[in-house]
Structures are given as structure tokens and as C-alpha cells.
Amino acid sequence: MAPAADHETFYDRVYDLIRRVPEGSVVTYGQVAALLGAPAASRAVGYALRALPSSSDVPWWRVINARGAISLKGRGPGADIQRDLLEREGVSFDADGVVNLRAFRWWPSVEDGR
DNA sequence: GAGATGACGGGCT
DNA sequence: AAGCCCGCCATCT
């Protein structure tokens, strides 16, 4: 536990980025990794979210996989919770439980925070 | 220091 | 078209 890095860990960077995702929008694991400069670290991104405490202010539910589906599927009730949270924000799912990334995917604007 | 883990992704069969 | 397999990366034990 306690990653204890004097420097912000990769996790922190992941959280920081996700905190910028506005309501009603989503991003993919691979996308987050790419934005952090590690396009192949999508798994690490998921790992970061897994370790995320529920008390966090990070909107983890806005992160889904490249297919536009919820990866928590098959992993407990988490998937239903995530889906519910997204639908409340206006993100819609199709019959297969997939989000239309073309319509809901968010990309940070140059002026946004970077 | 080495091995195992995991909310992923992409390629190949 | 669907499913299986391998690779990637950062962290944890």
C-alpha cells in the first residue's frame, strides 16, 4: 500500500485527468493512458481506478473501455452502478449496453487545463 | 529483485 | 462474426 512517492505517481496523473472529464462525457482507458503519454498503459489506468477509494472526488464512472462498454461487467454490481450514474448525466447506452463514443467521448481542449 | 495482478487493447485464428 | 491469445504498463506482494 502506500505508494509513497515524493513525486506524483502515475495514479495521481490519471486521477487528475479524469477529474477534468465533464458531466455527460466519457473517456476510455486507452485514451487516458495516451493523454498521459503512455498509449499502451491502458491496463495501468484500470489498475489505478481499481485502487481508487470511494471517498475520492474522481468521477471514475466516466471511464469506460474502448468498445464503449463498462468493464466492470461480470465484476459485481459495480457495472450497474456505473451505468446508472452515466445515464443520470445524459450518457445513453444502446441495446448492447454500449455507449456511442463518437457522441460522448471527451477530449481535453488545448485551453482546458493543459 | 522477481513474480503476480488487472476497471485494457489490438491482432490473429 | 466471435472468441482466444499475447503484449503493454505501473503497482503490489
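Readers should treat all values here as calculations from the given coordinates under stated rules, not as data from a laboratory. From a predicted model like this one, the values you see are computed outputs, not experimental measurements. Using ideal geometry, Cβ is built from the backbone for each residue, glycine included, and neighbour counts are taken over all protein chains shown.
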Options A:Val21, A:Val14; residue that is among the β-branched types (Val, Ile, Thr) and either free of Cβ contacts under 8 Å to residues at least 24 places away in the same chain or touching a strand residue (DSSP E or B) at 6+ places or on another chain (Cβ under 8 Å) (or both): A:Val21
Restricting to segment A:13-46, name every residue that is more than 28 Å from A:Ser92 (Cβ to Cβ), in a helix (DSSP H, G or I) and near DNA strand C (Cβ under 8 Å from one of its atoms). A:Ala44
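Condition test on A:Ala79, is it small (Gly, Ala, Ser), assigned to a helix (DSSP H, G or I) and more than 16 Å from DNA strand C (Cβ to nearest atom)? Outline the logic, then answer.
Numbers: small (Gly, Ala, Ser): yes; assigned to a helix (DSSP H, G or I): yes; more than 16 Å from DNA strand C (Cβ to nearest atom): yes.
When the stated conditions are applied, A:Ala79 passes them.
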Residues of segment A:93-114 being in contact (Cβ under 8 Å) with a residue 12 or more places away in the chain and either in contact with a strand residue (DSSP E or B) (Cβ under 7 Å, 6 or more places away or on another chain) or not in a loop (DSSP other than H, G, I, E, B) (or both), in sequence order, are A:Val99, A:Leu101, A:Phe104, A:Arg105, A:Trp106
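Give segment A:47-61 a look and list any residue that's more than 9 Å from DNA strand C (Cβ to nearest atom) and of a type outside the set (Phe, Trp, Tyr), or say none. Show your work before the answer.
Of segment A:47-61, the ones more than 9 Å from DNA strand C (Cβ to nearest atom) are A:49-50, A:52-61.
A:Leu49, A:Arg50, A:Leu52, A:Pro53, A:Ser54, A:Ser55, A:Ser56, A:Asp57, A:Val58, A:Pro59 - these are the residues of segment A:47-61 that are more than 9 Å from DNA strand C (Cβ to nearest atom) and of a type outside the set (Phe, Trp, Tyr).
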